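Peer 1: Below are the structure tokens for one structure; questions will follow.
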Amino acid sequence: MPDAILLLHGALGARDTLRPLADALAPLVPAGTPVHAHEFAGHGATPDPDAASDAPYDVARLAAGVLDAMDRDGIARATVFGYSMGGYVALLLAAEHPARVRAVVTLATKLAWTPESAARETSRLDPAAIRAKVPRFADALAARHGDAGGWERVLSRTAAMMHAIAARPTVTPDVLAAIACPARICVGDRDATMTLDECAAAVRALPKGELAVLPATGHPLEHADPARLAREVAEVHARAETAPS
């Protein structure tokens, strides 16, 4: 089987949020290339095996879940795209399991976490405020995460994860330095969550790092043009070394 392309969603997301990118990738990759959209445990229609736990999502456990899914689907090696939280998981996966990751592409993945930035980001995850100010978004989250224990629980566990990462980062400069495969860090020029300096610092830490700035693009995945993003992923996949025979 040819090396696959594996897509990882962001916090509050699910497999369905990756469909536009998956559709845009289909005509850009060689025929027969599998394109899989992974759904993290505790999101969307994928319940967490530890259903009774309200513990924070754990990046290492999420990465282990990706490996398990690759094994189930017969994917020996993949180019991994990750949006936001998904990019954080993708980078950890590439550092710890280099034989399984051909290349990495991230979009809007924040790596420079501090207690202050975690507090700022989690202040936007209050269910009552979301319900009052953006009820349509609340309804969309409720429909998306019903099988994962409810959207309020997803928000709570995500907020706790952000605080945990800020207190003890999982993807450090040393972890980035251990990633041997090509890694393209993409960021929108209107992303208010992260800065170009943060992204440039990550690229400098990566042995084969590249920076791509998407024009007229904010932080949400929906702000990115799927066709433009698909070209970034397809290009990195094509340029990466093919799997050894």
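The values are calculated or read from the model by the stated rules, or taken from the named source; none is laboratory data. In this text, all values refer to a predicted model and were calculated from it rather than measured experimentally. Reconstructed Cβ throughout: ideal geometry from the backbone, glycine too, with neighbour counts over all protein chains shown. Side chains included, ligands, DNA and RNA excluded: accessible areas come from the protein's heavy atoms. Shrake-Rupley method; radii C 1.70, N 1.55, O 1.52, S 1.80 Å.
Peer 1: Between ASP3, ASP23, which is at negative phi, touching a residue at least 60 places away in the same chain (Cβ under 8 Å) and open to solvent by 30 Å² or more (accessible area, probe 1.4 Å)? Steps first, please.
Peer 2: Details: ASP3 fails: open to solvent by 30 Å² or more (accessible area, probe 1.4 Å).
It is ASP23.
Peer 1: Another question, if that's okay. Consider GLY87 carefully, then state whether it is modelled with pLDDT of 95 or more and touching a Leu at 6+ places or on another chain (Cβ under 6 Å).
Peer 2: On the way: modelled with pLDDT of 95 or more: yes; touching a Leu at 6+ places or on another chain (Cβ under 6 Å): no.
The answer is no for GLY87.
Peer 1: Turning to a different aspect of this structure: Filtering segment 171-218 down to residues that are modelled with pLDDT under 95 and among the β-branched types (Val, Ile, Thr), which residue is nearest to PRO115 (Cα to Cα)?
Peer 2: THR193
Peer 1: Just to check your reading of the model, which residue among ALA183, ALA234, ALA238, ALA212 is closer than 30 Å to MET1 by Cα, open to solvent by 50 Å² or more (accessible area, probe 1.4 Å) and of a type in the set (A, V, I, L, M, F, W, C)?
Peer 2: On the way: ALA183 fails: open to solvent by 50 Å² or more (accessible area, probe 1.4 Å); ALA234 fails: open to solvent by 50 Å² or more (accessible area, probe 1.4 Å); ALA212 fails: open to solvent by 50 Å² or more (accessible area, probe 1.4 Å).
Answer to the selection: ALA238.
Peer 1: Looking at this structure, is THR33 of a type in the set (S, T, N, Q), in a strand (DSSP E or B) and either under 15 Å from the mean Cα position of the chain (by Cα) or surrounded by fewer than 23 Cβ atoms within 10 Å (Cβ to Cβ) (or both)? So that I can check it myself, show each step before the final result.
Peer 2: On the way: of a type in the set (S, T, N, Q): yes; in a strand (DSSP E or B): no; either under 15 Å from the mean Cα position of the chain (by Cα) or surrounded by fewer than 23 Cβ atoms within 10 Å (Cβ to Cβ) (or both): yes.
The answer is no for THR33.
Peer 1: Kindly indicate whether any position in segment 135-145 is at pLDDT 95 or above and not hydrophobic (A, V, I, L, M, F, W, C). Walk me through how you get there before you give the answer.
Peer 2: Going residue by residue through segment 135-145, those that are at pLDDT 95 or above are none.
Checking segment 135-145: not a single residue is at pLDDT 95 or above and not hydrophobic (A, V, I, L, M, F, W, C).
Peer 1: Hey, does segment 215-228 have a residue that's within 27 Å of ARG102 (Cα to Cα), more than 17 Å from the chain's Cα centre (by Cα), surrounded by fewer than 15 Cβ atoms within 10 Å (Cβ to Cβ) and of a type in the set (A, V, I, L, M, F, W, C)?
Peer 2: yes
Peer 1: Separate question: Can you list residue pairs whose Cβ atoms sit under 7 Å apart, with the first residue in segment 191-209 being farther than 20 Å from LEU221 by Cα and the second being acidic (Asp, Glu)? Count only pairs 6 or more apart in sequence or on different chains.
Peer 2: VAL203/GLU210
Peer 1: May I pose another question? Could you say which residue among ALA90, ALA99 is aliphatic (A, V, I, L, M) and out of contact with any Gly (no Cβ under 6 Å at 6 or more places or on another chain)? Working first, answer last.
Peer 2: Details: ALA90 fails: out of contact with any Gly (no Cβ under 6 Å at 6 or more places or on another chain).
The unique qualifying residue is ALA99.
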